[in-house]
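The values are calculated or read from the model by the stated rules, or taken from the named source; none is laboratory data. Given the structure is predicted, the values throughout are model-derived calculations rather than measurements. With ideal geometry, Cβ positions are generated from the backbone for all residues, glycine too; neighbour counts draw on all protein chains shown.
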Amino acid sequence: MVEQVALLLIGFSICAAAIILAGSLSIYANSAGGRISRASGRLLIAGLAVLQWMHWDALAGGVDRVGSPVYIILLFVVAPAFYLFFRGALQLEAAERPWHLVFYAPLLVAGWLQPAIAIPLSFLCGAAYAIHLGVLVFRLREQRKRFQIEMFALGVFAGIAVAVLALGLALPFLGLRAFVLAYSSMIGIASMLAIHVLLHFPDIATKAEEAVNTTYAVSTLDRVDREAAASRLHALMDDQVFADETLKLSGLATMMDLTPHQLSELINTRFGVGYSRYIREHRIAAAQRMLLAEPEASVLSIGLAVGFTSQSNFYAAFREITGEVPGRYRTRQASGG
């Protein structure tokens, strides 16, 4: 039974990797990181998919490649790839420095080590990377109230990473087969969580960028007429620029002759919310008006008209801001409630 569950999770994670790498669910479009970070993200997903294929072979009675030089090299690839991808999202000013490739240096000796040494060592390297990522996430603690869901998701991923690290270090006491069962299952669970987050919070990368900007950035508005900028922002919202589903922080900043950091700081300091929340609030306010003014229009058509890309995103944002779903809001308002 345990092996069957592990095989199901392996199959799911391989399919999820294919979907993400094909771009159907992109985690790169709004990623704060640069080329190294994005390339590491793709390498991470591809490396985990190949590891899962090897786990499948080992559990299903095929060729057991666990502990082979290729397997060990992949273990030494996914740890720094995980680190560099998430570092790019959590520390903008250092996201693209070429010297960060030094984190892949353990690969130079990975293929020469015995599995009993190499596998725990790869997880020890991962532990060092995870500790540093934990420090970066801890620095974002002041943003918990603005980014509760996103910070919770990051915390869950961090918890899975810690469990995986503990598993690797416990290998000498578990044996290879138990290790494969547990490790492949954890990768599968992490894949399920990643798909869930990408489906329900497609702008999580943008929100993470806002949290980082708010935490690390020095004020960029010293030479900006804040009142004039706020008035210009109000005018753009009155023109319903938020209805453009492709609108991003950088695009809106260009309309206002500001940098993305300046606009992000303006919205944070003036309205006490991040850019994504600010845009969602305007979209939902417009949707509320349309729900009452156009009773024959479908809920989906209204959601798309105000800038949401899917019904699920519209429903999630509407519930987040109003506490109820669009249909219930329309019915209650129409009945005088």
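Observations on the model:
- Applying the set (1) in a helix (DSSP H, G or I); (2) under 27 Å from residue 199 (Cβ atoms) to residue 324 leaves exactly one unmet item: (1).
- Selected residue (criterion: surrounded by the most Cβ atoms within 10 Å (Cβ to Cβ)) from residues of region 304-320 that are assigned to a helix (DSSP H, G or I) and of a type in the set (Gly, Ala, Ser): 317
- Cβ-Cβ under 6 Å pairs, at least 6 apart or on other chains, region 59-80 side within 15 Å of residue 180 (Cβ to Cβ) and in the same structural domain as residue 10 (by TED's automatic domain parsing), far side surrounded by fewer than 17 Cβ atoms within 10 Å (Cβ to Cβ) and not charged (D, E, K, R): 66/176; 67/115
- When 301, 250 are checked against the criterion of being surrounded by fewer than 17 Cβ atoms within 10 Å (Cβ to Cβ), at negative phi and out of contact with any helix residue (DSSP H, G or I) (no Cβ under 7 Å at 6 or more places or on another chain), 301 stands alone in meeting it.
- Flag if residue 136 is of a type outside the set (Ser, Thr, Tyr) and modelled with pLDDT under 65: no
- Residue within region 202-224 that is modelled with pLDDT of 75 or more and not in a helix (DSSP H, G or I) present: yes
- Helices (runs of 4 or more DSSP H) contained in region 248-299 and holding at least 2 residues closer than 23 Å to residue 324 by Cβ and at pLDDT below 90: 275-293
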